[in-house]
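Reading through the structure tokens given below for one structure.
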Amino acid sequence: DYFIPHIRKTVSDLLDPLEETGEMEFVVDVARVLPSTVLADMFMIPEEDREIFRKCANTMTGFFGGSVEYTNEVAIECNRATIAIREYFRGLLEKRRVDPGNDFMTGMLQAQERFNLRDDEVISQAAMMLVAAPGLLPV
């Protein structure tokens, strides 16, 4: 219930330009932005980190979702994005361990204690959310 108002506001914000112009490119303006924005909200990613968070999520989603050509360059770009997200989540995990919040990573830390998970398992699950959640929407 905590995240639902945030999701509604995010959707409303993304649709605001439609009221102004009367048109929009749904896939570009909403579908590609909504999943990573909602996940950033759920993890309480600071505003200054959201663009890199979104770019990494879109790169990983495109690669693992099969919507890009599988070239060496694309694979290298995806690998860089995956490493960047892994390290970002590692840092976020440490921050939430010291200063818990009302966010998804704090909940994952609670699950870690309860189920005796390693840090890498928690980080992997967080990263998988970036790839799986956008896959629910058209790209």
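The values are calculated or read from the model by the stated rules, or taken from the named source; none is laboratory data. Here the structure is a predicted model, which means the values were calculated and not measured. Ideal geometry is used to build each Cβ from the backbone, glycine not excepted, and the neighbour counts take in all protein chains shown. Surface areas here come from the heavy atoms of the whole protein model, side chains and all, with no ligands, DNA or RNA. Shrake-Rupley method; radii C 1.70, N 1.55, O 1.52, S 1.80 Å.
What to note about this one:
- Against the list (1) free of Cβ contacts under 8 Å to residues at least 24 places away in the same chain; (2) within 27 Å of residue 15 (Cα to Cα); (3) part of a helix (DSSP H, G or I); (4) open to solvent by 40 Å² or more (accessible area, probe 1.4 Å), the condition residue 110 fails is (2).
- The number of residues in the stretch 18-45 that are farther than 23 Å from residue 61 by Cα and either touching a helix residue (DSSP H, G or I) at 6+ places or on another chain (Cβ under 7 Å) or polar (S, T, N, Q) (or both) comes to 1.
- Filter result (open to solvent by 70 Å² or more (accessible area, probe 1.4 Å) and among the hydroxyl-bearing types (Ser, Thr, Tyr)) within the stretch 3-16: none
- Top-ranked residue in the stretch 58-84 [being of a type in the set (A, V, I, L, M) and surrounded by fewer than 18 Cβ atoms within 10 Å (Cβ to Cβ); ranked as modelled with the lowest pLDDT]: 68
- Hits in the stretch 17-57 (condition: surrounded by 10 or more Cβ atoms within 10 Å (Cβ to Cβ), over 18 Å from the mean Cα position of the chain (by Cα) and in a helix (DSSP H, G or I)): 17, 18, 26
- Selection count where residues are at pLDDT below 95 and open to solvent by 30 Å² or more (accessible area, probe 1.4 Å), scope the stretch 87-106: 3
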